[in-house]
Amino acid sequence: MFKKLEFGWRWFATAFSFFAFGIGGIALGIVAFPILRCLPISTVRRTSYAKRIIHSIFNFYIKMMRYLGVLTYEVKHIERLKNAPLVLANHPSLIDVIFLIALIPNANCVVKGKLTRNIFTRGPIKMAGYIINDENEHVINNARNAITQQDALIVFPEGTRSIPNQPVELKRGASQIALRVPADITPVVIQSIPSTLTKQDRWYQIPSTRVHFTLEVKPVISIQPYLSNTRLPIAARRLSSDLATFFNEELKPNV
């Protein structure tokens, strides 16, 4: 009986969390950000304020989910995120980006173009100046500009959510950004036990036990060895291959 009540509560709390996220995104787009847009400040300062507002809200949001019993989480070596120009993470869950933005006050990120057509996310994405992954040269230039402006750029090199219990496969976009900006890499290994909110899951398909997220910030990976006496396409292939090996080694118990 207790397990059924606990499961029912987590289902309700999960539904409430998704509802709160949606309402919050709409409220930011029609109330908070229009006020910010009216302030007599530069575009750079306006987007910086928007990023910090989103950071604060996401920080509250993950703590709310923990308080409601939806999930638990732990962060290891968070100090390594300070002044990190480029953060690369694996992507096991829909809410990975929420965790990372909640941990990084000056976070920028590369997002899918379809999110700009979503009523819940388009306002925050536009106001914060997040980079749209339109698969052209603008991504590299915008990434370079973001890092120059002291943003911490978050990229999921898989390009989409991981497939549970399968090896991580990376696209080369993240390596191209790292090499062409250039910027050293701060990797973050994210694990959720049990898996939840994968690409195959609907929000209401919650696991039988409460989910525990672990986010471990790993030491910086220097890109200098990949830039030495090597053509860029070859360097990007090498870096992508080494990053895939790195993440798969770190996730080996779950692969």
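What follows is calculated from the coordinates using simple rules that are stated; it is not laboratory data. Everything quoted here is computed from the prediction, not taken from an experiment. Cβ atoms come from the backbone with ideal geometry, glycine included; neighbour counts cover every protein chain shown.
Things to note:
- The range 1-50 shape via C-alpha gyration tensor axes, a/c threshold 1.5: prolate
- Total formal charge among the other residues, if their Cβ is under 11 angstrom from that of residue 88, Lys/Arg +1 and Asp/Glu -1: -1
- Measuring spread by the Cα atoms of the chain yields a radius of gyration and Dmax of 18.5, 66 Å.
- For the range 163-255: rounded, prolate or oblate by the Cα gyration tensor [a/c cutoff 1.5]: prolate
- Total charge dipole magnitude, the chain, about the Cα centre, Cβ charges on Lys, Arg, Asp, Glu only, Debye to nearest 20: 520 debye
- GluC sites (Glu not before Pro) within the range 143-241: DSSP coil, no more than 15 neighbouring Cβ in 10 Å: 169
- By average C-beta atoms within 10 angstrom, highest first, the peptides 233-244, 121-132: 121-132, 233-244
- With a cut-off of 13 Å between beta carbons, the residues surrounding residue 251 carry a summed charge of -3, where Lys and Arg count +1 and Asp and Glu -1.
- Global geometry of the range 1-138, whether rounded, prolate or oblate, following the gyration tensor of its Cα atoms and the 1.5 cut on a/c: prolate
- Segments 55-64, 1-10, 74-83 sorted - mean Cβ within 10 Å per residue, highest first: 55-64, 74-83, 1-10
- Taking a sphere under 12 Å around the Cβ of residue 209 and counting the other residues whose Cβ falls inside, with K and R at +1 and D and E at -1, yields a net charge of +2.
- Relative contact order of the chain, pairs being alpha-carbon contacts under 8 Å that are 6 or more residues apart, as %: 25 percent
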